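Attaching a single structure in structure tokens format; questions to follow.
The values are calculated or read from the model by the stated rules, or taken from the named source; none is laboratory data. Keep in mind it's a predicted model, so treat the numbers as computed, not measured. All Cβ positions, even for glycine, are placed from backbone atoms using ideal geometry, and neighbour counts span all protein chains on display.
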Amino acid sequence: MNCTSKEEKEDLYTPIPYNLKIPTLFADKLIAPIIPTNNPLTEEGIALGKKLFFDKILSGNGTQSCATCHDPQKAFTDDRQFSDGIDGIFGNRNSMPLFNLAWNFDERFFWDGRALSIERQAFEPVTNPIEMHANWAIVANKLQEHSEYPILFKQAFGTLTIDSTLVTKAIAQFERTIISGNSKFDQFLRGETTLTTEEQNGFDIFMDEARGDCFHCHGSNNNPLWTDNSFHNNGLDTTFSDLGLGAITGDPADNGKFKSPSIRNLVYTAPYMHDGRFSTIEEVINHYSEGLKPSATIDPLMKKVNNGGVNLSAKDKADLKAFLLSLSDLDFINNSNLQE
């Protein structure tokens, strides 16, 4: 009689491929997600990545998880200017929201673009001394000795041996499923609802090069990601204590450039900018209206920097805010598949 041992049965297990749920507007605009061939999405890999994302076992003292600074209820960021790590040390940049990462076409992550894939982005916070401040060898050993994780890695990746590469692959798989694409404005573009007069005027301002001139960096009805996923100096400072992209490339022309975040879900992601200097959407609008500062590397798209900005009226500012709020995606915030 042919008997198959438990270990042999595990060897025969094949992960189930996962079909990413792509928003209609993304598909209509032929915006395809980036899924690396060496880390395809599977049901088991995503489930493992989600478990790891919320597990404090990844931190040095077991007190913080990825979700500590990337809260699903806050569009996967937090509500503080700077987050503190397990030792109570604060960083100097605002925690970036995490959604639609699979559509980051230049594959540069963090405010300064230093990580060249989602997998590499997931690698750094674990060992960063002002974040989770752990040692990958120790983390892998804790996972290896855990009652559940070895079999979950076996099912997801075909091996009982756990290392940092597989941990970050699993987390990256989960992060690629964090998708926001059902705001009121999405519904408007799909013909399912109408905009208020204020929201429509706000959108017109956003798209008008003579008034708001926002769309070059922050998307449009033809770019439903609402970001160009590129790096810009948007006139925050005349000199730079934080060089941003320039510190990574070594090119002075990149000094003061930071990644343009998506303007989806702004109602959930305050404070704003790479250093969290603005607490409200009104402050952000005021910056572009009359707060621009000239510098050697300011983006050419900041055409009215010599005037301080685009100088919007109070009514136009209010309407622009109304449009920006129409990009809030309540279904995303309440998606139980993305919560612990």
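List every residue pair whose Cβ atoms lie under 7 Å apart, where the two residues are 6 or more positions apart in sequence or sit on different chains, the first residue falls within segment 146-165 and is at negative phi, and the second residue, located anywhere, is β-branched (V, I, T).
Going by the 7 Å Cβ cut-off, the qualifying pairs are Y149/I162; P150/I162; F153/T159; F153/I162; A156/T42.
Here is a list: N221, N234, N255, N229. Which entry is within 27 Å of D329 (Cβ to Cβ) and without any contact (Cβ under 8 Å) to a residue 60 or more places away in the chain?
Answer to the check: N221.
Here's a follow-up. Does N286 qualify as being within 21 Å of the chain's Cα centre (by Cα), farther than 17 Å from D78 by Cβ and modelled with pLDDT of 95 or more?
Answer is no for this residue.
Please pick out the residue among A140, A172, A122 that is among the small types (G, A, S), outside the structural domain of S262 (by TED's automatic domain parsing), touching a helix residue (DSSP H, G or I) at 6+ places or on another chain (Cβ under 7 Å) and within 23 Å of D242 (Cβ to Cβ).
Of A140, A172, A122, the one residue that is among the small types (G, A, S), outside the structural domain of S262 (by TED's automatic domain parsing), touching a helix residue (DSSP H, G or I) at 6+ places or on another chain (Cβ under 7 Å) and within 23 Å of D242 (Cβ to Cβ) is A122.
Matching residues to (1) more than 30 Å from N255 (Cα to Cα); (2) among the hydrophobic types (A, V, I, L, M, F, W, C); (3) modelled with pLDDT under 95:
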site	(1), (2), (3)
I35	yes, yes, no
P40	yes, no, no
G45	yes, no, no
K50	yes, no, no
F53	yes, yes, no
N61	yes, no, no
Q64	yes, no, no
P72	yes, no, no
R80	no, no, no
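Does S180 fit the bill of being touching a residue at least 60 places away in the same chain (Cβ under 8 Å) and within 22 Å of Y272 (Cβ to Cβ)?
Yes: the conditions hold for S180.
Among (1) out of contact with any strand residue (DSSP E or B) (no Cβ under 8 Å at 6 or more places or on another chain); (2) in contact (Cβ under 8 Å) with a residue 12 or more places away in the chain; (3) under 25 Å from S95 (Cβ atoms), where does S241 come up short?
With (1) out of contact with any strand residue (DSSP E or B) (no Cβ under 8 Å at 6 or more places or on another chain); (2) in contact (Cβ under 8 Å) with a residue 12 or more places away in the chain; (3) under 25 Å from S95 (Cβ atoms) applied to S241, the lone miss is (2).
Does at least one position in segment 307-316 carry a residue that is in the same structural domain as S260 (by TED's automatic domain parsing), modelled with pLDDT of 95 or more, touching an Asp or Glu at 6+ places or on another chain (Cβ under 8 Å) and crowded, with 19+ Cβ neighbours inside 10 Å?
Yes, there is a match, as at least one residue in segment 307-316 is in the same structural domain as S260 (by TED's automatic domain parsing), modelled with pLDDT of 95 or more, touching an Asp or Glu at 6+ places or on another chain (Cβ under 8 Å) and crowded, with 19+ Cβ neighbours inside 10 Å.
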